[in-house]
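Undergrad: Once you've had a glance at the structure underneath, I'll fire off some questions.
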Amino acid sequence: MSIMLKGTNHPFFCKTLSPETRMKRSESNKTYWSKVKFKRNIKPKTPETLLNLTLSTIGVSVKVLDKKGNLVETFPTITSAAKHFGVSNCTISCIPDKGEFHNFIFEYKLNDTRVWVYDINEELIKVFNTTR
């Protein structure tokens with residue numbers, strides 16, 4: 001559509017379509033979308049794949065340094081770092097270790113997310129890995 005037909009210059013600006021025209025457009029859309037097939041091949045994820053995905057997102061802290069190596073800020077998760085910079089989680093995750101982004105250096109650290117179970121006498125009973 002050209003710039004000449006945008007906004008107030010468009011012939012249908014502030015006008016409503018007649019019920020007949022709306023029905024014709026509706027039927028046309030129905031026939032078009034009934035012919036279009038969206039095929040998505042979603043492979044089922046194996047338990048090993050799900051475990052790897054979970055481990056890659058749980059307990060990763062992000063340190064943000066300036067070019068000189070001074071600590072600017074520390075984030076407990078990739079999500080909080082992404083929200084701070086206004087980008088997606090994937091963007092922060094795709095920055096390689098000690099990589100640069102917006103003139104900052106990012107360092108990632110896997111946190112220990114295990115759970116230790118002690119008895120009343122403060123003796124270690126078992127250590128659990130925290131995965132979903």
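The values are calculated or read from the model by the stated rules, or taken from the named source; none is laboratory data. The structure displayed is predicted, hence computed values, not measured ones. When we count neighbours, we look across all protein chains shown, and the Cβ atoms used for this are built from the backbone with ideal geometry, even at glycine.
Undergrad: For region 88-117, give me each residue that is surrounded by 13 or more Cβ atoms within 10 Å (Cβ to Cβ) and more than 20 Å from the chain's Cα centre (by Cα).
TA: Answer for region 88-117, where residues must be surrounded by 13 or more Cβ atoms within 10 Å (Cβ to Cβ) and more than 20 Å from the chain's Cα centre (by Cα): PHE104, ILE105, THR113.
Undergrad: OK, next. Tell me which residues, restricted to region 1-24, are surrounded by 10 or more Cβ atoms within 10 Å (Cβ to Cβ) and of a type outside the set (Phe, Trp, Tyr).
TA: Answer for region 1-24, where residues must be surrounded by 10 or more Cβ atoms within 10 Å (Cβ to Cβ) and of a type outside the set (Phe, Trp, Tyr): LEU5, LYS6, ASN9, HIS10, LEU17, THR21, ARG22, MET23, LYS24.
Undergrad: Out of (1) surrounded by 11 or more Cβ atoms within 10 Å (Cβ to Cβ); (2) farther than 18 Å from GLU107 by Cα; (3) at pLDDT 85 or above; (4) not small (Gly, Ala, Ser), what's the single condition that is false for GLU27?
TA: (1)
Undergrad: Let me ask something additional. I'm trying to understand the selection: among the residues of region 65-111, which are among the hydrophobic types (A, V, I, L, M, F, W, C) and more than 27 Å from ASN129 (Cβ to Cβ)?
TA: From region 65-111, those among the hydrophobic types (A, V, I, L, M, F, W, C) are 65, 71-72, 75, 78, 81-82, 85, 87, 90, 92, 94-95, 101, 104-106, 110; that's our starting set.
Across region 65-111, the qualifying residues are LEU65, LEU71, VAL72, PHE85, VAL87, PHE101, PHE104, ILE105.
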